[in-house]
Amino acid sequence: MAVLIISILLAAALVASLIWTNPKGAPWVPSSMSAVHQMLELAEIKPDELVYDLGCGDGRIVVTAAREYQARAVGIELDPLRWLWCQLLITALGLRDRVKIQFGDLFKQDLSEADVITCYLLPETTRRLENKLLRELKPDTRVVSNTFLFPGVKETAQNGKTRLYLFSPEHTMGAFIKDQLEQSAGESDKEKGRQP
């Protein structure tokens, strides 16, 4: 009987944890390990760079970044069960000196120190996150998104469903359009100068 009660409580906690994170960013749907490797390769991570994973789930991206790329990594997780899992995992793997897991809402965290940011968030969340990243990140911070777009930032590279963005004012779609218009205007002026 006790096993049944404990099983029901664990199942209820798991269901609650899946539902609880959805309004804040995304439900937990882990990136496949092949997607993790695509994301980290696309970001061209160098040793000792600081990688942030927004909504780190079970910690697979931050652990891989630390173990295979010798990066420092910070995961941000809102779900207390997955946050606890990550704490246990990085301790068991001996990664506490390279990996930190912060509990909380990614919109309330300071991301300004990041060299690379990874995320697998819903489209509405990436749209909301875009302004925060443009305000906080240093120029040319690499942001890699699994599947979903940042609509106002020009995509720099893509590998399958993995997309790379360089977050700087000059990489916004507004700047891109302005640059294209200026180039067109310059070409029109040259053509007018050639006509007799």
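Where a number appears in this text, it was derived from the coordinates with a stated rule and is not lab data. Note that the structure is predicted; figures quoted are calculated from it, not measured.
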Residue-ordered couplings for the stretch 101-113, obtained by feeding phi - 60° into the Karplus form 6.51 cos²θ - 1.76 cosθ + 1.60 and rounding to whole Hz (Gly and Pro as x), are 10, 9, 8, x, 7, 4, 6, 9, 9, 7, 10, 5, 8
Percent of all Cα-Cα pairs per 5 Å bin for the stretch 27-186, counting from 0 up to the last occupied bin, reads 2, 10, 19, 22, 21, 13, 6, 3, 2, 1, 1, 0, 0
